[in-house]
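The values are calculated or read from the model by the stated rules, or taken from the named source; none is laboratory data. All of these numbers come straight from a predicted model, not from anything done at the bench. Backbone-built Cβ (ideal geometry, glycine too); neighbour counts: all protein chains shown.
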Amino acid sequence: MLDSFNPSYNPACSPILRVENVTIRYQTDDHHVTATDRVSFDVFESDRFVLLGPSGCGKSTLLKSIGGYIPPTAGDVRLKGKKVTEPGPDRVLVFQEFDQLLPWKTVRQNVIFALINGGRCKTEKEADSIALHYLDKVKLSKFKDNYPHTLSGGMKQRVAIARGLAMKPSILLMDEPFAALDALTRLQMQDELLELWEETKFTLLFVTHSIEEAIVVGSRILVLSPHPGQVRAELNSHKMTRGEAGASEFSALHDRIYEMLFVEKPTARAGA
Amino acid sequence: MLDSFNPSYNPACSPILRVENVTIRYQTDDHHVTATDRVSFDVFESDRFVLLGPSGCGKSTLLKSIGGYIPPTAGDVRLKGKKVTEPGPDRVLVFQEFDQLLPWKTVRQNVIFALINGGRCKTEKEADSIALHYLDKVKLSKFKDNYPHTLSGGMKQRVAIARGLAMKPSILLMDEPFAALDALTRLQMQDELLELWEETKFTLLFVTHSIEEAIVVGSRILVLSPHPGQVRAELNSHKMTRGEAGASEFSALHDRIYEMLFVEKPTARAGA
Amino acid sequence: SSAAAEASKVRFADQIGLLYLPMRVAIEKKLVEKHAKEAGLGDVTVEVSQFSGGGAVNTAILSGGVDFAAGGIPPLLKLWDRTKGTDTEVRGTISLTHMAYKLFTIDPNVKTIDDYVGIQGHRIALPSVKVSTQAVTLAMAAEKKFGQDKAFSLDNLTVSMPHPQAYAAMKSGSQPIKSHFATLPFSYQLVKEIKARQVFSSYDVAGGSHTGVVLYNTKKWKDENPKLFKAVVDAFSEASQWIKDNPKEAAELFKNSEKSPNTAEEILEMISDRSEVEYRTDVRGTLIYAEFLHRTGDIKNMPTSWKDYFWESVHQFEGD
Amino acid sequence: MSIEVIGARTPEGIVLRPEYERPVETKPDAKDVTRKLSTWEHIIGNEMVRKAAVVALVLIAWQLYTDLADVQPLVFPSVVDTLKALFASMMDGELFLRVWGSLKVLLAGYAIGMGLAALLTVFAVSSRFGSDVLSTLTAMFNPLPAIALLPLSMLWFGLGSPSLIFVMVHSVLWAVALNTHSGFRSVSETQRMVGRNYGLKGVRLVAKVLIPAAFASILTGMKIGWAFAWRTLIAAELVFGANQGGGGLGWYIFENSQNLNTDRVFAGLLTVMLIGVLVESGFRAIEKRTVQRWGMQR
Amino acid sequence: MSIEVIGARTPEGIVLRPEYERPVETKPDAKDVTRKLSTWEHIIGNEMVRKAAVVALVLIAWQLYTDLADVQPLVFPSVVDTLKALFASMMDGELFLRVWGSLKVLLAGYAIGMGLAALLTVFAVSSRFGSDVLSTLTAMFNPLPAIALLPLSMLWFGLGSPSLIFVMVHSVLWAVALNTHSGFRSVSETQRMVGRNYGLKGVRLVAKVLIPAAFASILTGMKIGWAFAWRTLIAAELVFGANQGGGGLGWYIFENSQNLNTDRVFAGLLTVMLIGVLVESGFRAIEKRTVQRWGMQR
Ligand SMILES: Nc1ncnc2c1ncn2[C@@H]1O[C@H](COP(=O)(O)OP(=O)(O)OP(=O)(O)O)[C@@H](O)[C@H]1O
Ligand SMILES: Nc1ncnc2c1ncn2[C@@H]1O[C@H](COP(=O)(O)OP(=O)(O)OP(=O)(O)O)[C@@H](O)[C@H]1O
Ligand SMILES: [Mg+2]
Ligand SMILES: [Mg+2]
């Protein structure tokens, strides 16, 4: 359908999401702040694409721009060849903020709300069973009738994750979803995510600040420089799994990224 | 001064903070939720005491109770022998929530606000220079005049950390302060914290969900069981530093804690 | 066929109090319905809306919310002045009541109007300063006494206060309200309950009894409903006559139609006091109000006779 | 681990203690963890008693004042007299009739006012110009007293209830719209984004996200709107008076004040106050079930 | 890393692409990153023009209505007549005098009302009973019309401005208190805890945390309070009339309405509306500098 408007888009070999030279500036009352600077990357269908970069480099901003909330100051975000102008349930976002649950709905209702309004379910009953399924996956069945304000920080984030996963969107955008989780829960969540991906091969755009997590979760990693974020590198990691965390390839990639991010090389400064 | 009321408290050999059999229940409109169950521990002066436990086990709740916000349903929290009944600037808290900065104050003003009202500084000028010093430590000097809503999640948390550190309280309570930070910034912050501790040997109560961080930052680690939180163990880690992260002692402790937390042993179920 | 062209409904604006007794009688005894029927207009309905004050009544008549309203002479003069020559020109339909506006005081130092000059801690209550008929009457009295440039010299003693509240203030004696420009039933109560003394009456100013309350309506309505208009005039003349002939029944009718604090006997006593009130259809002593209002610029047109601001149909009644 | 002296300080200044490990004790079963509240705890949450106490205190203060200051009952009757008049008016059924007469009009005006406020705020959140329209119209019309509108109201709606309803809509509309709009504008950006993420726009976004998220503000607006509807109705009834022997509480108050029945005037006012307290309990109940339950208000 | 066919899919279904690495380009210097806004951008943020357009639209609609519906000018004069009367009244200086007379009283009443509202809400946040006292008193007194209070007001405060101020305080107090209290109760628990952490309690907590955190609600309360102060003042001046030759805008409106100078009545009302728009601009400016700047309201 969309394709008819964009003859240039061919789903077989074109990226599903194309970010081209995107610069985003925030306008505050008396000045601009550049959050991302001429960022380009392509995400193909079924990619597990990770955005990795230091705090404040514009990862959340990029994600919100792809989500359709923030129009780029310069450059284009194209989804299936069509310019992104507004949010929609085809790109479900899991936000970084703890207040992303609707406080007037219980945990279960929060998921149902998304399923019904996002058009994934027609009936309340269908939505309910899906919601319970995903809440079980994030180990929160016991708290399904709690209101969000009675949950701990990590529990809130898990509900948001369940809500995002339950939606089965064609692209899932996740902004540091596991940051508030303890080691085990985090591993479990990563596994759940990968398992789900195995099942449906949805496209995942994942923001994290953990290099390990990036390598484990991602199939391709976009490394961003510190504020204002520019692309430093795009790397493949589709062959690494957690099992190999100790292995030399894994740690070589880890060290490579670490160096890229945090050890400023003379080349990086050459342009200055 | 306080001692006069509590002859039993002898600063030389008594714990500065004593948590005794603390059970905390939340009352929601139609039922109770037990967050922590008969938790006891002692924190001595200059301890770097870490609370470690899975998501939802009551770490934040315990910290808020020590902070004086939530009275325990059963048991006692005693600070220097005196029962804790209300919050005060002697126990500064860095919260887990992103909205802990006062949105109507700039980054710098947020720190100054704490310094002046917490009684650490008399004059605005003095407070200002301290604030700038600590903002520099968390790498946010460039954003000192920004309002919180223009910061990224990790930047907000760093301001809160700077505010907590700047207060130099006799006890600093930190609730997953580094969760939103990228790998490097996290390491830098940990180092800053330890360095400051070296300088003034303040008492630190630190909540984290990362076992590595617990070992690196803590001198003693309290391991809590899943919801409702009970004490599983108290371990020493005062001799581990990050330098040894690969060393066998370090990883032995890591594995021991990991097992304790996440691999349910038969003994753990013995009582059931 | 002319009957069919006229309205089947007459709407009156009524107010609370003894001064509006003729309207109460006309309504309760269904006199308008009776006269309309006699004039061959068939069944007409009468609709009554009660208002709390003159301002709302004026708005009601100008916006076409009611067809007839009852009010004092100054409001009629102002309405007439502003609408003169238009098709909503307002004129008096018939005089309902002759009545005195009386100034009472409880201050032993005040005997005549002269005593107000330079008085301290003493206020005169009237329904609203400057614009109410009482305020105009006071100014006319002052003008008569002290000269034209001093007409408003007592204005700074006056305060706006509804009658019941002013009465309560006089009774309590603890407030600076020491004089009250009253009409029935408050003038009666003032004398009877708290022995207030009369300083002067509007009859002194006018040199005799004068019309106090008149019924008025618009030219448009009169032209569109000539027969009904006549029926209303007849109904109200009959009401006046009936009160005159049956004062006791009139008092009882009033008592039953309103939650008056007074007994029927007291009401009878009030309406029988000719220094207070008379229900008369002749128009008297109104031109001096017109002259005063014209002099002070409140109306621009100076009528030459009362007939200028009353419809021809009542010119048969006496007047001056 | 090397052996060190327990209780002594390490060179860095840390007090050494032995390690320990213990099994998790009898896992309290689900029932214990989430125990139902006792009846007593339910009762203690009830604030009716405390509110009744406040009402009683007001009445006592009033009685004491009239007793001690010895004010003229014609100006300010005592509570006892007022209550007597209240009972008398209730007994002869008049008061109920009057209250009912007023309530009918009031509810109509209130409902229409709320509806218009909803329309106006939806329009206001949908664009920057809409927001300017709302704030400018509110700034212009909100300060106008109902009395100033009565002439227009009579012109457009005649003398009956529609006129009263018109001026009441005027007094409800702006207060509710202002509060609702301000509430909408204060909704957390994240929650707004979540709503839009799931495909909500326009009216649906307002209904499903903005209204619940701004519910505390909306309730406040509704409370103020309710109070001002009463104020306006009573004041307007005083001016308009009654139609065909009808008339509400405002007319009851006016008529009795004209006839020097001050005790009945106060009985009328007391009725308004008591209805106010009743309605407030209703609002409170809503608050408890919504914003308070959702943790959005203490 | 093993070599695979670029562009093809791996067995798991991932499209293979080459890796790349590039240096960070010319680091934009601080000036570029945080560039000042241009003058034009500053101007476009100005909404005066849009608001003036709304006012103009209202006036045009009014003029069209009076022209087309051919209403009796004594009931509803046209804009042109109204503006003429406005200029006439401005020229002879009377209007300014009247406005000034009203403003004096208004500001006093408004200020006192705000002060009392502050006291009451501080009391209300300090305890559960205090909160009940506030909500019950508000429920009782807020619906009472100013007209009902005038007799008592005159009894207690005499016949001058203090009486007017009393009834105005009544109309400001409850609206502001309700909004402020509701705002206080909606303050984020975390921010409240932060304030208490740094030793703030009682009045200092209110002043330094609750008030700024609830500022959006407080501003709304102030706007409503302001509007209702006007309403009440105008209505009350009608009853009080002019004192000692003074008297404000309400009196100007009343006197002219009694004298059937309807054009002047509307000139008075238009003045109230224009003052409303002016004051709204003031509130808007405050909003921009506070809640909007702080990101607490859009
Ligand atoms: N609403 C805003 N107004 C102005 N500047 C903003 C706003 N939001 C973010 N910024 C700025 O944009 C930059 C990028 O912010 P962003 O939230 O995208 O970072 P991030 O990469 O998600 O960081 P983190 O890992 O800490 O969450 C930061 O410098 C921040 O100060
Ligand atoms: N306000 C509240 N009302 C009711 N229950 C609550 C409330 N706050 C927390 N709880 C419950 O108490 C338990 C402990 O919560 P707490 O926030 O202390 O966990 P935590 O250990 O900090 O978890 P996390 O690591 O996810 O932050 C949870 O089960 C939670 O549901
Ligand atoms: Mg972010
Ligand atoms: Mg927590």
Handout entry: Subset of region A:145-186 [in the same structural domain as A:GLY218 (by TED's automatic domain parsing) and within 15 Å of ligand 2 (Cβ to nearest atom)]
Key = A:GLU176, A:PRO177, A:PHE178, A:ALA179, A:ALA180, A:LEU181, A:ASP182, A:ALA183, A:LEU184, A:THR185, A:ARG186
Exercise for the section: Working only within region A:118-158, note down all residues that are buried (at least 20 other Cβ atoms within 10 Å of the Cβ), away from chain D (no Cβ under 13 Å) and without any contact (Cβ under 8 Å) to a residue 24 or more places away in the chain. Expected result: A:SER152, A:MET155
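Across region A:188-213, which residue is nearest to A:GLU45 (Cα to Cα) among those that are within 16 Å of ligand 3 (Cβ to nearest atom) and within 9 Å of chain B (Cβ to nearest Cβ)?
We begin by selecting, within region A:188-213, every residue within 16 Å of ligand 3 (Cβ to nearest atom); these are A:205-210, A:213.
Filter once more, keeping what is within 9 Å of chain B (Cβ to nearest Cβ): A:208-210.
Working: A:THR208: 20, A:HIS209: 23, A:SER210: 24 Å.
Among those that are within 16 Å of ligand 3 (Cβ to nearest atom) and within 9 Å of chain B (Cβ to nearest Cβ), it is A:THR208.
Restricting to region E:61-80, name every residue that is touching an Asp or Glu at 6+ places or on another chain (Cβ under 8 Å) and surrounded by fewer than 18 Cβ atoms within 10 Å (Cβ to Cβ). First the steps, then the outcome.
If we filter region E:61-80 for residues that are touching an Asp or Glu at 6+ places or on another chain (Cβ under 8 Å), which is where we start, we get E:73, E:77-78.
Of everything in region E:61-80, just one residue is touching an Asp or Glu at 6+ places or on another chain (Cβ under 8 Å) and surrounded by fewer than 18 Cβ atoms within 10 Å (Cβ to Cβ), namely E:PRO73.
Does B:PHE98 meet the test of being within 16 Å of ligand 1 (Cβ to nearest atom) and among the aromatic types (Phe, Trp, Tyr)?
Working: within 16 Å of ligand 1 (Cβ to nearest atom): yes; among the aromatic types (Phe, Trp, Tyr): yes.
It is true that B:PHE98 is within 16 Å of ligand 1 (Cβ to nearest atom) and among the aromatic types (Phe, Trp, Tyr).
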Completion exercise
Per the filter on region B:38-48, residues under 14 Å from the mean Cα position of the chain (by Cα), crowded, with 24+ Cβ neighbours inside 10 Å and under 24 Å from A:GLY154 (Cβ atoms) are B:ARG48
Completion exercise
Scanning region C:115-139 residue by residue, those of a type in the set (D, E, K, R) and assigned to a loop (DSSP other than H, G, I, E, B) turn out to be C:LYS130
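Filter region D:120-139 down to the residues that are among the small types (Gly, Ala, Ser) and buried (at least 16 other Cβ atoms within 10 Å of the Cβ), then identify the one that is farthest from the chain's Cα centre (by Cα).
So the first thing to find is which residues in region D:120-139 are among the small types (Gly, Ala, Ser), and the list is D:124, D:126-127, D:130-131, D:135, D:139.
Keeping just the survivors that are buried (at least 16 other Cβ atoms within 10 Å of the Cβ) gives D:124, D:130-131, D:135, D:139.
Working: D:ALA124: 23, D:GLY130: 26, D:SER131: 24, D:SER135: 22, D:ALA139: 22 Å.
It comes out as D:GLY130.
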Completion exercise
Scanning region A:165-187 residue by residue, those touching a helix residue (DSSP H, G or I) at 6+ places or on another chain (Cβ under 9 Å), more than 16 Å from ligand 3 (Cβ to nearest atom) and of a type outside the set (A, V, I, L, M) turn out to be A:LYS168, A:ASP182, A:THR185, A:ARG186
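Quick test for you: out of C:THR97, C:THR88, pick the one residue that is touching a Gly at 6+ places or on another chain (Cβ under 6 Å) and under 21 Å from C:LYS230 (Cα atoms). Give the derivation first.
Numbers: C:THR88 fails: touching a Gly at 6+ places or on another chain (Cβ under 6 Å).
Unique residue meeting the criteria: C:THR97.
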Problem - Set C:ALA166, C:ALA182, C:ALA125: member being within 14 Å of another protein chain (Cβ to nearest Cβ), under 15 Å from the mean Cα position of the chain (by Cα), over 30 Å from C:GLU89 (Cβ atoms) and buried (at least 24 other Cβ atoms within 10 Å of the Cβ) - result: C:ALA182
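Does C:VAL110 satisfy being closer than 29 Å to C:ASN262 by Cβ, at pLDDT below 85 and surrounded by fewer than 22 Cβ atoms within 10 Å (Cβ to Cβ)?
The answer is yes for C:VAL110.
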Practice task
Please give the number of the condition A:ALA35 fails out of (1) away from ligand 1 (no atom under 12 Å from the Cβ); (2) in a strand (DSSP E or B).
Solution key: (1)
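Kindly indicate whether any position in region B:36-45 is within 7 Å of another protein chain (Cβ to nearest Cβ) and over 23 Å from E:VAL194 (Cα atoms).
First, the residues of region B:36-45 that are within 7 Å of another protein chain (Cβ to nearest Cβ): B:37, B:44.
Add one more test, that the residue is over 23 Å from E:VAL194 (Cα atoms), and what stays is B:37, B:44.
Yes, there is a match, as at least one residue in region B:36-45 is within 7 Å of another protein chain (Cβ to nearest Cβ) and over 23 Å from E:VAL194 (Cα atoms).
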Practice task
Among the numbered conditions (1) crowded, with 19+ Cβ neighbours inside 10 Å; (2) within 16 Å of ligand 2 (Cβ to nearest atom); (3) of a type in the set (Gly, Ala, Ser), tell me where B:ALA74 comes up short.
Solution key: (1)
Practice task
Report whether or not D:ALA216 is closer than 26 Å to E:ALA175 by Cβ, in contact with a Ser or Thr (Cβ under 6 Å, 6 or more places away or on another chain) and either within 14 Å of chain A (Cβ to nearest Cβ) or among the small types (Gly, Ala, Ser) (or both).
Solution key: yes
Problem - Sole residue being away from ligand 2 (no atom under 11 Å from the Cβ), within 23 Å of E:SER188 (Cβ to Cβ) and not basic (Lys, Arg), chosen from B:GLY56, B:GLY88, B:GLY81 - result: B:GLY88
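Look through E:THR220, E:THR271 and report the one residue that is polar (S, T, N, Q) and over 19 Å from E:LEU164 (Cβ atoms).
Details: E:THR271 fails: over 19 Å from E:LEU164 (Cβ atoms).
Sole residue among the options that is polar (S, T, N, Q) and over 19 Å from E:LEU164 (Cβ atoms): E:THR220.
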Practice task
Please specify each residue of region A:159-187 satisfying the condition of being assigned to a helix (DSSP H, G or I) and either more than 15 Å from ligand 4 (Cβ to nearest atom) or touching a Pro at 6+ places or on another chain (Cβ under 9 Å) (or both).
Solution key: A:VAL159, A:ALA160, A:ILE161, A:ALA162, A:ARG163, A:GLY164, A:LEU165, A:ALA166, A:ALA183, A:LEU184, A:THR185, A:LEU187
Problem - Entirely in region C:1-75, the strands (runs of 3 or more DSSP E) that have 1 or more residues that are over 21 Å from D:SER163 (Cα atoms) - result: C:45-51, C:68-71
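Against the condition of a type in the set (Phe, Trp, Tyr), under 19 Å from B:TRP104 (Cα atoms) and buried (at least 24 other Cβ atoms within 10 Å of the Cβ), how does E:PHE184 come out, does it pass? Write out each step before concluding.
Details: of a type in the set (Phe, Trp, Tyr): yes; under 19 Å from B:TRP104 (Cα atoms): yes; buried (at least 24 other Cβ atoms within 10 Å of the Cβ): yes.
It is true that E:PHE184 is of a type in the set (Phe, Trp, Tyr), under 19 Å from B:TRP104 (Cα atoms) and buried (at least 24 other Cβ atoms within 10 Å of the Cβ).
Looking at region A:101-117, can you tell me whether even one residue there is within 13 Å of another protein chain (Cβ to nearest Cβ), within 16 Å of ligand 4 (Cβ to nearest atom), crowded, with 23+ Cβ neighbours inside 10 Å and on the phi < 0 side of the Ramachandran plot?
Filtering region A:101-117 for residues within 13 Å of another protein chain (Cβ to nearest Cβ) gives A:101-107, A:109-117.
Okay, now just the ones that are also within 16 Å of ligand 4 (Cβ to nearest atom), so A:101.
From what is left, the residues that are crowded, with 23+ Cβ neighbours inside 10 Å are A:101.
Applying the additional criterion that residues be on the phi < 0 side of the Ramachandran plot yields A:101.
Yes, because at least one residue in region A:101-117 is within 13 Å of another protein chain (Cβ to nearest Cβ), within 16 Å of ligand 4 (Cβ to nearest atom), crowded, with 23+ Cβ neighbours inside 10 Å and on the phi < 0 side of the Ramachandran plot.
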